[in-house]
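The values are calculated or read from the model by the stated rules, or taken from the named source; none is laboratory data. Source: prediction; values computed, not measured. Counting neighbours? That spans all protein chains shown, and the Cβs are built from the backbone with ideal geometry, glycine included.
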Amino acid sequence: MTSICYIALGSNLGRREENLRQALVMIAMIAGTKVGLVSELIVTAPVGGPPGQQDYYNAAARLVTELSPHGLLADLVGVERAMGRDRSCETRHGPRIIDLDILLFGDIIIDSPELKIPHPRMHERLFVLRPLAQIAPNVIHPSMGKTVIALLQACPMGSCDPA
């Protein structure tokens, strides 16, 4: 069985645009997973975490996968590791070479210690909603019952966490 899911990609270390492109190439190599639509890159200032960080490059992508949500998560963490991310020594909201988050996975709702779908803060984050709305404006958030574009419109500049 195949599922459609949406992921967020972010980077604020090194060659940020290239990091996002490399991550997409590596995701496309995951067995049973195809990369579909990809948003434009957006640039956002970091909020929280240590001062002096570079701006983030962010994007969203639509995936079609035969994997389970937990299987996809494991493979996405593998991509992060292969690109040099070490979650064990990171500062919260600190700089990272790559960040891959599952936002939506069909209409599935999961609330486990290792995985929460829909992503619990996606509706508060412009850096997630802006690129996601480019590729999935009419997709419905399964627990909020609102489309992505409605979530974006309810998240005016300045009132939502921009990073």
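Here are the numbers for this structure:
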item: Residue count, the range 88-97 (criterion: surrounded by fewer than 13 Cβ atoms within 10 Å (Cβ to Cβ) and under 16 Å from the mean Cα position of the chain (by Cα)); result: 0
item: Ile117, sole failed condition from (1) in contact with a His (Cβ under 9 Å, 6 or more places away or on another chain); (2) at pLDDT 90 or above; result: (1)
item: Condition met for Pro51 (farther than 17 Å from Val25 by Cβ, touching a strand residue (DSSP E or B) at 6+ places or on another chain (Cβ under 7 Å) and part of a loop (DSSP other than H, G, I, E, B)); result: no
item: In the range 113-128, residue surrounded by the most Cβ atoms within 10 Å (Cβ to Cβ) [restricted to those that are without any contact (Cβ under 8 Å) to a residue 40 or more places away in the chain and farther than 24 Å from Ala28 by Cβ]; result: Arg125
item: Listing of strands (runs of 3 or more DSSP E) fully contained in the range 1-47 that carry 1 or more residues being farther than 17 Å from Asn58 by Cα and free of Cβ contacts under 8 Å to residues at least 40 places away in the same chain; result: 33-38
item: Condition check for Leu76: at pLDDT 90 or above and under 22 Å from Gly32 (Cβ atoms); result: yes
item: Meets criteria (under 20 Å from Ala23 (Cβ atoms) and among the charged types (D, E, K, R)) for Arg121; result: no
item: Among the residues listed as Thr147, Thr65, the single one being of a type in the set (Val, Ile, Thr) and farther than 24 Å from Gly32 by Cβ; result: Thr147
item: Residues that are among the charged types (D, E, K, R) and within 15 Å of His70 (Cα to Cα), drawn from the range 108-131; result: Asp111, Glu114, Lys116
item: Candidate set: the range 28-73, residues that are loosely packed, with under 14 Cβ neighbours inside 10 Å and aliphatic (A, V, I, L, M); chosen: the one nearest to Thr91 (Cα to Cα); result: Val47
item: Test for Arg130: is it in a helix (DSSP H, G or I) and either farther than 20 Å from Gln153 by Cβ or of a type in the set (Lys, Arg) (or both); result: yes
item: First in the range 54-72 and assigned to a loop (DSSP other than H, G, I, E, B), second anywhere and surrounded by fewer than 23 Cβ atoms within 10 Å (Cβ to Cβ), Cβ under 6 Å, 6 or more apart; result: Asp55/Val43; Asp55/Ala45; Glu66/Thr2; Glu66/Gly32; Leu67/Gly32
